[in-house]
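Computed from the coordinates by the stated procedures, all read-outs in this text should not be read as laboratory data. Remember, it's a predicted structure, so these values are computed and weren't measured experimentally. When we count neighbours, we look across all protein chains shown, and the Cβ atoms used for this are built from the backbone with ideal geometry, even at glycine.
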Amino acid sequence: MNLTLRIWRQQSGHVPGRFVTYQMKDVTSNMSFLEMLDALNEDLLAREEPPVAFEHDCREGICGSCGFLIDGVAHGGQRGTTVCQLSMRFFKDGDSLTLEPWRARAFPVIRDLIVNRSAFDRIIQAGGFISAPTGSSPDANAILVPKEAADTAFDAAACIGCGACVAACPNAAAMLFTSAKITHLNALPQGQPQRDQRTFSMVAAMANEHFGSCTNHGECEAVCPKEIPLEFIGAMNRDLIRAAWHRHREPLTIPGVVQQPFHENTEIEAERS
Amino acid sequence: MLDARIPSGPIEEQWDKCRFEMKLVNPANRRKHSIIVVGAGLAGAAAAATLGQQGYQVHCFSYHDTPRRAHSIAAQGGINAAKNYRNDGDSISRLFKDTVKGGDFRAREANVYRLAQISLNIIDQCVAQGVPFAREYGGLLDTRSFGGVQVQRTFYARGQTGQQLLLGAYQALEEQVAAGRVTMHIRSELLDVVIVGGRARGIVTRDLVTGQIDCHAADVVVLATGGYSNVFYLSTNAKASNCTAIWRAHRRGALFGNPCFTQIHPTCIPLSSEHQSKLTLMSESLRNDGRVWVPKKKGETRAAKDIPENERDYYLERRYPSFGNLVPRDVASRNAKDVCDEGRGVGPHGQGVYLDFADAIQRLGLDTVREKYGNLFDIYERITGEDAYTVPMRIYPAPHYTMGGLWVDYHLMSTIPGLFVGGAANFSDHGANRLGASALMQGLADGYFVLPATLPDYLASTALDPVDVSHAAFTATKAEVKGRIDALVAVKGKRSPDSFQRELGKIVWDDCGMARSDAGLRKALARIPKLREEFWHNLRIVGADDELNQALEKANRVSDFLELAELMCIDALQRTESCGGHFRVESQTPEGEAKRDDANFCYSAAWEWKGSGQAPALHKEPLTFANVPLSQRSYK
């Protein structure tokens, strides 16, 4: 089949980008979407044009590296599927597709279809962990975890951190991502001692990263390749109220947690110095 | 030259004795020591987090955009531990014995015993971190059987155990980043190791966004950079997985252990197009209920459902009546290759065998099969467009894991003092064949428990002069790295990096893959240098080195694969025995099984780099088996 691709090209975050149109010939239905882009890049290289930069690694839908919008839909619109697992047999001859990077203030474009998702790491740093220094743990079976709690924790922990939820949200909110990690850890007995602080701190970190707020569109759930359910956002909000009630303290000042907004340039300079 | 530093005494007491004898660093002095950890997969993230907790200044490097992307994340099956929660006769000794035998007696006993001991602590640690392992209704941990052993010792988190373990290590790492004890350097790729006064004292990296070449100095360097299966081009490894870190360290003096020991996994989705970029693994657990067969007739053109029962060859059940479809990975892979080579393979390219669930569906019912394997059938359908409930799956072996890696002693230190190697990047624990659910165990054992014990001993017992990046060794190494990058950009030929890697992969797969022969290896050894020559004269990279340039990244990695491939073939050529995943066609039993030669090859091969164009030198670490007597494997 032959396709027309309109792809966002932007050499770096410091220069403006634009759409460039490419004709793709002889695409076969047993190629994956990324293999189709590999073929495009081989063509571009042959013509001495810079290949399209896109992020990818495992190509099995688990590492979370890949992701861009195809005709405005994160990961291309097949339910529960990352773009690396998307097969070309879902497209037909003559299709015209528009490819662009995640669009969110918190995810600045690095090049072409690649964005900077480090804001997610900083949300995790704010409390997305259970403090258990190596060597200090009791016997594994000393902690009983009800199967239902373990299953809920797993469903939430399945998040791959790809950022599709943010890209799909009209408010560019990171609530599905943040609530998934909060639900994973707050559902487990091991996560209880830090439950309130974790919830406060991660919600605060999220707000500091230029993510928007949830207004219940549900677009995030629709595009999530791991089908993380919207109900976790509700669980996070309930945990936030619970935490505020328990602590009787101002929620947004958590000692010892860095909550400054991130500026990409300052970080790169700091690393060099 | 090779001193493995194995502690004396009974094997059960060696690790305790070693830990007691090792020197410690006073808590107040730890922050004065800097440690570089390269790689943030299971071994790297676990080591960086633990060393950060202990109070050292840790710098962790990853070429990904976040440490959570490392390829450890793709492991499906599970992680072994000798907990004996099932009361089914498991013990540290049994896990030790299974691993030594599974590795076909080509691993170091002392290391394997320690691995089995530490397996208990790993599960404890991961549960405490909140890894959502599968549970029974009573709240206790569930386990399953795996990899053909006779006990149920595999802990798992659905089909995503690697993901959950990596997220546990990643979260512990991010906690240390927030605490200021670990500095994370993302999108930063190691391009060389810096040696000062005979010791590893730093690294040179390239910032993958700006192209800037940077030097980083430290007291000690850890490489946890994974395996090199992508030397085959088509493998189950992630696209970016590469050998650059270990290969550059090898060129700086670290010996490379058993490079030819690679594992070909039997149950992967076959190649479907010439554009295919990677292969996808289907969990080994499918062989519990699926039956493997090919048509009896060569060049069969009928669809599977039209081939009557008496014209099908269930070759594993026929050849191995006692193990049937559950023979170990290396045996299953070799047999699939044999029937395809006979012209009886199925699918568009004849490179596949059927894995048929018709009998299981009849016996267990569709619902039970769906419940057990539903997610795998979904993956299969997503990729192939075929419904495996109605037509048999097609599978074919694919490169999956490399047991070889940098040679390390009992302390996981390479032959360069101060350069430690953990996880799949070292050669240590799996011998010539890795058992299922053992890779995660080894990565975490190295990262959480071994390196954080042995590194401090090195720091405490070594007089380290202060060194910073202004030292001449850094300037010189940086200049070499820059020269190599400039050379890649300057070739300005016609062929893409991918086309070279594809061609190299085909050579290595054909002649250093599932079956290796003297003639084939010599042919490969003639072709690889020619291809390398062409690479340096006909490579094309578009764009500059001072920007994000994925073609340049690839080309740089391919340049190292082109050198490593040659060493793999040299190693395979010298080892004229068959053992584990290394099958030399000249060394078979009368039934066509792998035949070991313990009289001549009971050693680990450790290769020394002698310079470009020079033959590498072989050093041998003799292996002794005092606790598990040498015996021939049989699955008949």
If you place +1 on the Cβ of every Lys and Arg, -1 on the Cβ of every Asp and Glu, and leave all else neutral, what size is the dipole of region B:58-195 about its Cα centre, to the nearest 20 Debye?
280
Quickly rank A:173-185, B:187-199 as a protection proxy: mean count of other C-beta atoms within 10 Å, highest first.
A:173-185, B:187-199
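As a quick test, which of the pairs B:K478/B:K620; B:K523/B:K620; B:K32/B:K83; B:K337/B:K636; B:K278/B:K337; B:K337/B:K595 have an alpha carbon distance above 28 angstrom in this structure? Intermediate values should be presented prior to the final figure.
Working: B:K478/B:K620 33 Å; B:K523/B:K620 25 Å; B:K32/B:K83 38 Å; B:K337/B:K636 19 Å; B:K278/B:K337 19 Å; B:K337/B:K595 18 Å.
From the list (B:K478/B:K620; B:K523/B:K620; B:K32/B:K83; B:K337/B:K636; B:K278/B:K337; B:K337/B:K595), the Cα-Cα distance tops 28 Å for B:K478/B:K620; B:K32/B:K83.
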Counting only other chains, what is the mean number of Cβ atoms within 10 angstrom of the Cβ of each residue in peptide A:46-57?
5
What angle, in degrees between 0 and 90 and rounded to the nearest 10, separates the Cα long axis of helix B:518-538 from the longest principal axis of the Cα atoms of chain B?
50
Per residue of A:8-16, what is the mean number of Cβ atoms on other protein chains within 10 angstrom of that residue's Cβ?
1
When a footprinting reagent is the concern and you count Cβ atoms within 10 Å, what order do B:H250, B:H537, B:H430 take, fewest first?
B:H537, B:H250, B:H430
When a/c is below 1.5 the answer is rounded, else prolate if a/b is larger than b/c, else oblate, so apply that to region A:1-89 with a ≥ b ≥ c taken from the square roots of the Cα gyration tensor eigenvalues.
oblate
What value, in deg cm²/dmol to 500, does the helix sum -39500 (n - 2.57) over DSSP H runs of n ≥ 4 give at 222 nm once divided by the residues of chain B?
-11500 deg cm²/dmol
In whole angstrom, the spacing between the Cα centers of region B:132-169 and region B:246-271 equals 27
Any chance you could check the Cα centroid distance between region A:198-243 and region B:402-479 for me, in angstrom?
40
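State to the nearest 20 debye the size of the charge dipole of chain B about its Cα centre, where the only charges are +1 on K and R beta carbons and -1 on D and E beta carbons.
Details: 76 positive and 73 negative charges, 76 e Å.
The calculated dipole for chain B is roughly 360 debye.
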Sort B:T368, B:T66 so the one with the fewest other Cβ atoms within 10 Å of its own Cβ comes first.
B:T368, B:T66
So how strong a dipole does chain A carry about its Cα centre when Lys and Arg Cβ are +1 and Asp and Glu Cβ are -1, to the nearest 20 debye?
700
12 Å beta-carbon shell around B:G423, net charge (K/R +1, D/E -1):
-2
Helix B:451-461 vs. chain B, principal-axis angle (Cα, 0 to 90°, nearest 10):
30
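How shielded is A:120-128 by partner chains, expressed as the average number of their Cβ atoms within 10 Å of its Cβ atoms?
Details: counts 3, 11, 3, 1, 11, 9, 3, 4, 6.
For this peptide, the per-residue mean of nearby foreign Cβ atoms is 6.
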Crossing angle, helix A:231-247 versus chain A [Cα axis fit, 0-90 degrees, rounded to tens]:
30
